[in-house]
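Please read the structure below before turning to the comments.
The values are calculated or read from the model by the stated rules, or taken from the named source; none is laboratory data. Just so you know, these numbers come straight off a predicted model, no measurement behind them. With ideal geometry, Cβ positions are generated from the backbone for all residues, glycine too; neighbour counts draw on all protein chains shown.
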Amino acid sequence: MQITPTKLQGCFILEPTKYGDSRGYFFESFNERSFNELTGTNTHFVQDNQSFSTKGVLRGLHAQVDEYAQAKLVRVLSGEVLDIAVDARAGSATFGQYVALTLSAQNNLQLFIPRGFLHGFVVLSDTAEFFYKCDNFYNKESECGVKYDDPTLAIDWALPANQLIISEKDQILPSFAEVFK
């Protein structure tokens, strides 16, 4: 597995070593020991989540805060998404900055998003199955979110606004400045 740091400290791109032949391919998608050695973290995932979405569905920007903050390791099982991680850690040198990465079933890339980050994605293919590991359990009361089109973040979601499908809940999220003062 190859691990590449992003411009945001603690946020990594993972590329598995893929072995293929005429029968197909094999790769190890996660190994806790190797992952922690290569990232310099001590991450232990406790919950896996999966979603299915159609083209244009935008989910985000979400996080959990305080004692229920979550680190995530995300990947796509089918289709293609544009994945976004926003640094919302107070005092971070990259506070308010984001990374964008295309994740697909073809490239098998994964993104590790540490605690203290907002996360979201938009589906670029006709459909996509999105999978992620979390290092803390979900807690509804600790949900936090920022509106996807916040002008201070200036995220390019790669699709025209009229093609985005956004839940009512995500449409009324506050701005980044309102949440992270």
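Checked against (1) within 19 Å of the chain's Cα centre (by Cα); (2) of a type outside the set (V, I, T); (3) at pLDDT below 95, K181 meets all criteria but (1). Scan region 152-163 for residues that are surrounded by fewer than 16 Cβ atoms within 10 Å (Cβ to Cβ) and either in contact (Cβ under 8 Å) with a residue 24 or more places away in the chain or closer than 15 Å to G56 by Cβ (or both) and the total you get is 7.
Checked against the criterion of being within 11 Å of the chain's Cα centre (by Cα) and more than 17 Å from I3 (Cβ to Cβ), region 34-51 has no qualifying residue. When the residues of region 1-25 are filtered to those that are more than 16 Å from R75 (Cα to Cα) and without any contact (Cβ under 8 Å) to a residue 12 or more places away in the chain, the one that is surrounded by the fewest Cβ atoms within 10 Å (Cβ to Cβ) is S22. The residue list D66, D48 contains one member that is touching a residue at least 60 places away in the same chain (Cβ under 8 Å), more than 18 Å from G120 (Cα to Cα) and surrounded by fewer than 20 Cβ atoms within 10 Å (Cβ to Cβ), which is D66.
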